[in-house]
1. Can you pull out the residues in region 151-171 that are open to solvent by less than 10 Å² (accessible area, probe 1.4 Å) and basic (Lys, Arg)?
2. Of these, ILE247, ILE242, ILE236, which one is buried (at least 21 other Cβ atoms within 10 Å of the Cβ), modelled with pLDDT of 85 or more and not hydroxyl-bearing (Ser, Thr, Tyr)?
3. Cβ-Cβ under 6 Å, sequence separation 6+ or interchain: first residue in region 11-23 and without any contact (Cβ under 8 Å) to a residue 24 or more places away in the chain, partner outside any helix (DSSP H, G or I). Which pairs?
4. Consider only pairs whose beta carbons are under 8 Å apart and that are at least six residues apart or on different chains; among these, list those whose first residue lies in region 28-50 and is more than 21 Å from PRO223 (Cα to Cα) and whose second residue is modelled with pLDDT under 75 and open to solvent by less than 50 Å² (accessible area, probe 1.4 Å).
5. Which numbered condition in (1) open to solvent by 40 Å² or more (accessible area, probe 1.4 Å); (2) closer than 17 Å to SER215 by Cα is the only one that VAL174 fails?
6. I need the full set of residues from region 116-135 which are open to solvent by 50 Å² or more (accessible area, probe 1.4 Å), modelled with pLDDT under 95 and either in contact with a helix residue (DSSP H, G or I) (Cβ under 8 Å, 6 or more places away or on another chain) or under 19 Å from ARG88 (Cβ atoms) (or both), in order please.
7. Can you report the number of residues in region 152-181 which are β-branched (Val, Ile, Thr) and either closer than 30 Å to ASN232 by Cβ or assigned to a helix (DSSP H, G or I) (or both)?
8. Filter region 78-92 down to residues that are buried (at least 17 other Cβ atoms within 10 Å of the Cβ) and among the charged types (D, E, K, R), then give me how many there are.
Amino acid sequence: MERDRLTITLRQDVLEQLDRRIDGYRLRNRSHAIEYFLSRELGGKLTRAVVLCGGRGVQLRPFTYELPKPMVPVKGRPLLEHVIERLRDQGIRDIILTIDYLGDKIATHFGDGGKFGVKIQYAKANRPVGTAGSLRLVKELIGDQPFLVVYGDVLAKIDYQELIDFHTEHKKLVTLAVTSVADPSALGAVSLCGAKVVAFTEKPKAGPTTSRLISAGIFVVNPEVIGRIPANEKLISLEKDIFPKLIDDGQIDGFVFDAPWYDVSTSDSYERVLKEWEE
């Protein structure tokens with residue numbers, strides 16, 4: 001992209017604040033930092049998120065016999081309330097919830113989102129359709145702008161706006177939020193070359209060469225990705241069926257973050273989040 005050279009004068013205290021934000025990675029130098037913050041302030045704001053709330057939550061039974069997984073309690077409130085609250089507090093207030101199993105309990109609790117300070121719409125499947133199938137449900141609701149996708153069983157203290165800005169700057173179809181774990185064998189290992197995702201291995205065998213980076217279940221997606229999801233009744237997975245093809249096309253980048261992250265999908269991880277999550 002072409003750039004014009006210009007000279008500016010800044011107050012010393014503003015320049016000192018700017019320099020403190022330069023890390024040599026996301027913000028390479030003063031020029032890059034000034035461009036980043038101006039683009040963030042003046043550019044269009046991504047304000048829409050899709051939260052995937054489907055699935056039977058088999059590994060969280062007996063809790064999920066009567067509750068959909070996003071409704072299991074954390075600190076006295078449904079897990080999904082924490083997710084929505086963090087989206088709202090970072091300016092993302094137009095939310096679509098995809099639901100299937102016991103989804104009416106989610107809709108009854110959250111309604112149109114007004115009492116939670118957001119606007120909520122619902123996309124309902126009559127049966128489990130997988131993560132990609134759930135995303136296909138929102139095609140008529142999503143419009144033509146990139147949007148955030150969050151798995152409804154994930155809690156993370158990520159800066160969503162930094163992820164969004166990274167996606168805007170790198171101009172790929174998908175940007176995965178990527179974090180590091182000690183054991184990726186129950187998750188999906190991500191291999192990066194720079195920012196580019198070059199491999200995604202679902203539930204890899206642990207070993208000395210296995211990447212410890214995993215997909216955090218949070219990503220920014222351009223709407224055209226939905227057009228790549230087959231329209232059928234089968235279970236379709238983003239990780240197994242869609243992402244590998246996009247990786248082959250060089251269309252997925254990884255945004256590495258270091259912040260508390262929990263995948264609340266098993267009894268062990270649920271016990272850990274109950275002990276460690278701080279609101």
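The values are calculated or read from the model by the stated rules, or taken from the named source; none is laboratory data. As the structure is a prediction and not an experimental result, all values here were calculated from the model. Please note: Cβ atoms are built from the backbone with ideal geometry, for glycine as well, and neighbour counts cover all protein chains shown. Protein only, heavy atoms only, side chains kept; ligands, DNA and RNA dropped before computing areas. Shrake-Rupley method; radii C 1.70, N 1.55, O 1.52, S 1.80 Å.
1. None - no residue of region 151-171 is open to solvent by less than 10 Å² (accessible area, probe 1.4 Å) and basic (Lys, Arg), so the list stays empty.
2. Working: ILE247 fails: buried (at least 21 other Cβ atoms within 10 Å of the Cβ); ILE236 fails: buried (at least 21 other Cβ atoms within 10 Å of the Cβ).
Step by step, each of ILE247, ILE242, ILE236 is checked, and only ILE242 is buried (at least 21 other Cβ atoms within 10 Å of the Cβ), modelled with pLDDT of 85 or more and not hydroxyl-bearing (Ser, Thr, Tyr).
3. ARG21/LEU27
4. Filtered contacts from region 28-50: ALA33/LEU27; TYR36/LEU27.
5. (1) is the only condition that VAL174 fails.
6. Looking only at region 116-135, we keep the residues that are open to solvent by 50 Å² or more (accessible area, probe 1.4 Å), and these are 119, 121-122, 124, 126-127.
Cutting the leftovers down to modelled with pLDDT under 95 gives us 124, 126-127.
The answer is LYS124, and nothing else.
7. Total satisfying the criteria: 6.
8. Applying the first criterion (buried (at least 17 other Cβ atoms within 10 Å of the Cβ)) to region 78-92 yields 78-84, 86-87, 90, 92.
Within this subset, residues satisfying the condition of being among the charged types (D, E, K, R) are 81, 86.
Matching residues across region 78-92 total 2.
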